[in-house]
Structure formats: structure tokens, C-alpha cells
Amino acid sequence: MKIVMLGAPGAGKGTQAKRIAEKYNIPHISTGDIFRDNIKKGTELGGKAKSYMDQGLLVPDKLVIDLVVDRVKQDDCTNGYVFDGFPRTIPQAEALDAALKAMNEEIDYAVNVEVPDSNIVDRMSGRRACLNCGATYHLEHIPTKVEGICDTCGTELVLRDDDKPETVLKRLKVYHEQTQPLIDYYRDKGILIEVDGTKDMAEVFTAIVSVLEK
Ligand code: AP5
């Protein structure tokens, strides 16, 4: 099963993608996590990505596309994967489709998690992220057992640099201009699933699974 997650920053794409990956035993491929990992390790890719991410801008398509095309050729992707944060632009979606076509494959579903902008800033300011293992929490909705410490690996949690309110507003603007058109792109292909992301996380997941297993 090959799935693309769509939705505004903070809509809950990562939260749902992790659950889908676990249930169907397929890799969760988050381009945001890949960039954050590269920033942490001080790689050349990380250095290039950071300047865009800190401003709430998208990393240039070329840097993202090559990385993703290499990733889907790895052995663990044989039975599918769930993309989180990719594609983010029409050129990224077209490049993905072309790369998959060359492998006789295609995306099966695009899941759009819908949350109004008015909910997003609150969600993001409450999010706490583990830069070591990629786990995410929320001060109110998913609190950790020990305040400020990752339940999974014990690392101190942080407020991501790009989750500060002024940067979130910029990311939302970029989302509406460059990423939202992908909703029609996948609707036109007949593979769009739309879910109400304002519901409780478990309800959102049930709604997604009920369509995937129809
Ligand atoms: P990325 O890491 O992909 O960030 P994003 O898309 O902005 O999405 P987020 O991870 O912020 O949010 P999410 O939708 O996954 O929400 P989450 O589940 O965490 O990208 C970061 C940056 O990297 C980009 O700005 C760009 O610069 C660059 N980049 C990445 N990919 C790129 C690409 N393809 N091309 C170019 N540039 C790229 O949930 C948010 C919070 O809400 C959490 O605290 C969660 O606990 C809570 N929550 C989730 N669901 C619910 C619910 N149902 N009810 C209540 N709370 C909830």
C-alpha cells in the first residue's frame, strides 16, 4: 500500500502516518524528519535545508525529489510506505509519479487531513518534539509521563524552531499557495481520501482505516 499524507502543517499528518505505518507494517517516510536528522548530524543537506525551514519556506524541489526517489528504491519499501510531508508541490508529485511509473508502480491513496488554520497555531505551540527518535507529543493532548522528557528514548523534548507562532503563520501561507493544489491533483486521479482532522486522534485513524479497508 503506497500512501501520501496531505494536510496543513500541524494537521496531524505525522501522528496518523505513524499509526498507519505501524498497522500495515510499512515504513513511515517523513521528509521533515529526514531534514531534521541531517541538520542534527551537520550534513551538507542539513545545512542547505535549515536555512529554508527556519524561515517557514519549502526546501527546493530538487533537493527533496532525489532524496525521496532514492528512498523508495530501498528494500523495506517493497510492500509500500506512507509519505508524510511529501509531495509538497505539484512538481514533486509529478516527479514522484514519473519515478514510480518507471518502476511499474503508483500511489494508491492520498489522505487529506483537514484542519482549519484557526486550530493550527494552538496545536503547534503545544507540540513538543524529540529530535532523537522523532516522537511527537502535545502538552495537553499527548502529555509525556515525565514533563519535557521523551517517553520512548528519554531525550529532552524541544519546541521546534519552526513551531514558533510567527513561523507557523508563514508555513500556513506557503501551504495554501504551494501544497493545497495537490488536493485537486489527487482528487482528479480518483484516489483522494478526506478526513476531518479536528476529531480525536483515534477517531481520525478509524476514519482513515475504514476507507483503506473498504
Ligand atoms: P514537516 O516536518 O513535514 O512539517 P509540516 O508538514 O509542517 O508538518 P508538521 O510535522 O509540522 O505537522 P503534522 O501535520 O505532521 O502534525 P503532527 O502529527 O505533528 O516539514 C518541516 C519543514 O521541512 C517544512 O516547512 C519545509 O521547510 C521542509 N520540508 C519537509 N518536507 C518537504 C518537502 N517535501 N518539500 C519541501 N520542503 C519540505 O501534529 C501536530 C500537533 O498536533 C502534535 O502536537 C500532535 O500531538 C497534535 N495532534 C495531532 N492530531 C491531533 C488531533 N486529532 N487532535 C488534537 N491534537 C492533535
Worksheet item: Are there GluC sites (Glu not before Pro) in region 130-211 that DSSP marks as loop and that have at most 16 other Cβ atoms within 10 Å, and which are they?
Response: GLU140, GLU147
Item to complete: Could you work out the per residue convex hull volume over the alpha carbons of region 136-214, in cubic angstrom?
Response: 142 Å³
Item to complete: Calculate how many DSSP beta bridges within region 107-196 are antiparallel, expressed in % of all such bridges and rounded to the nearest 5.
Response: 55 percent
Discussion item. Just want the answer: with Cβ charges of +1 for Lys and Arg and -1 for Asp and Glu, which residue in VAL204, TYR185, CYS133 is farthest toward the dipole's positive end in region 88-214?
Written reply: CYS133
Worksheet item: Quick one: how many lysine pairs in region 60-214 have C-alpha atoms under 21 angstrom apart, if they're 8 or more apart or on different chains?
Response: 7
Fill in: Debye, to nearest 20: dipole size of region 41-152, +1 on Lys, Arg Cβ, -1 on Asp, Glu Cβ
420 debye
Item to complete: Going by C-beta contacts inside 10 Å, put LYS170, LYS73, LYS13 in order with the fewest on the left.
Response: LYS73, LYS170, LYS13
Discussion item. Placing unit charges on C-beta atoms (Lys and Arg positive, Asp and Glu negative, everything else neutral), compute the dipole magnitude of the chain about its Cα centre in debye, rounded to 20.
Written reply: 300 debye
Fill in: Virtual spin-label span in nm between LYS73 and LYS145, 7 Å along Cα→Cβ
4.2 nm
Discussion item. What FRET efficiency comes out for GLU194 versus ASP108 if R0 is 22 angstrom and r is the Cβ-Cβ distance? Round to the nearest 0.05.
Written reply: 0.90
Worksheet item: So how long is each side of the chain along the principal axes, counting just the alpha-carbon atoms, biggest first, in Å?
Response: 47, 40, 34
Fill in: Estimated D of region 1-113 in µm² per second, where Rh is the Kirkwood radius over Cα pairs and Stokes-Einstein applies at 10 °C, 1.306 mPa s
110 µm²/s
Response to the item:
With +1 on the Cβ of every Lys and Arg and -1 on the Cβ of every Asp and Glu, the dipole magnitude of region 173-214 about its Cα centre, in debye rounded to the nearest 20, is 100 debye
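Taken together, the values in this text are just the output of simple stated rules run on the coordinates, not laboratory data. Quick caveat: nothing in here was measured; it's all calculated off a predicted structure. Note: ideal-geometry Cβ built from the backbone for every residue, glycine included; neighbour counts use all protein chains shown.
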